[in-house]
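Q: First the structure, which I've put down as structure tokens, then a few questions once you've had a look.
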Amino acid sequence: MIMIDRPASVTPDVTALLLDTESLDEFLLAFARSALDLAPVANGCGITLEREGRPVTVSSAGANAARLDEAQYGQDDGPCLQAMRTGEIVSVSDTLREGRWGAYPAHAAACGARSSLSLPIAPHTHTAGALNLYAPLPDAFADADIASLRLLAAQATGAIALAQRISDAQEFAADLQAALQSRTVIDQAIGVIMGQQRCTPEAAFEVLRSASQHRNIKLRDLCAELIAGITGQPPISEAIQPRP
């Protein structure tokens with residue numbers, strides 16, 4: 001296989017990567033690509049993180065990285081899992097001559113990965129993981145800049161945790177906004193029923209709830225349908241949306 005040289009790169013500022021991307025997925029992909037820039041011999045990079053006690057490839061770049069990671073998860077053993085669990089760098093010089101990890105090395109070789117390098121991320125924490133690099137040639141990482149790769153993995157420890165918190169906060173804000181919009185639509189419909197039947201808010205809500213159950217549709221959808229049927233327009237919360 002002919003390898004295309006990539007330009008040498010200094011260790012990126014992972015915090016800057018986080019600030020330059022708009023989502024957790026974009027950040028993780030940029031991080032994986034940065035690792036490939038630091039290791040031009042590699043043609044694939046996967047990022048493994050532990051989620052609810054199970055390893056997951058949260059991002060990958062290049063050839064076969066996710067497939068190779070997942071082969072290790074399937075047998076619950078392999079270099080990336082060893083790096084994640086021990087906190088030590090795990091190097092594979094040649095998968096055709098590797099005796100560890102059962103059937104995995106032969107599978108890796110068949111997938112075109114003759115050598116690999118796995119560096120721990122956030123070792124011995126609840127967000128432990130590994131940065132996994134794969135190369136098509138044996139002994140590809142013999143001259144790799146291990147210090148820069150180790151620094152990149154170390155920077156990722158805090159940045160990935162921060163990125164996850166930002167992502168969680170954004171999801172919470174979106175869920176809250178949706179809940180507020182639903183509440184507004186329901187309140188509008190309650191007002192309509194109160195005016196029609198001259199009843200209390202509690203009684204109006206019970207009318208809407210019973211109708212929702214009878215028709216087997218969500219309460220919010222029923223209320224939106226009611227308001228649109230009366231006014232000929234969507235509810236206020238749907239008609240007026242904040243600009244991105």
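Q: For a distance above 24 Å, tell me the whole-number percent of Cα pairs in segment 14-168 that qualify. Could the numbers behind the result be given before it?
A: Details: 2907 of 11935 pairs.
Value for segment 14-168: 24 percent of Cα pairs lie more than 24 Å apart.
Q: How high is the FRET efficiency from residue 194 to residue 154, r the C-beta distance, R0 51 Å, rounded to 0.05? Intermediate values should be presented prior to the final figure.
A: On the way: r = 61 Å, r/R0 = 1.20.
That gives a FRET efficiency of 0.25.
Q: Now for a separate question. Rounded, prolate or oblate: pick one for segment 64-127, where a ≥ b ≥ c are the square roots of the eigenvalues of its C-alpha gyration tensor, a/c under 1.5 means rounded, and failing that, prolate if a/b is larger than b/c, else oblate. Walk me through the numbers on the way to the answer.
A: Working: a/c = 1.99, a/b = 1.68, b/c = 1.18.
Because a/c hits 1.5 or more and a/b exceeds b/c, segment 64-127 counts as prolate.
Readers should treat all values here as calculations from the given coordinates under stated rules, not as data from a laboratory. The model shown is predicted, which means the values in this text are computed figures rather than measured ones. We place every Cβ from the backbone using ideal geometry, glycine too, and count neighbours over all the protein chains shown.
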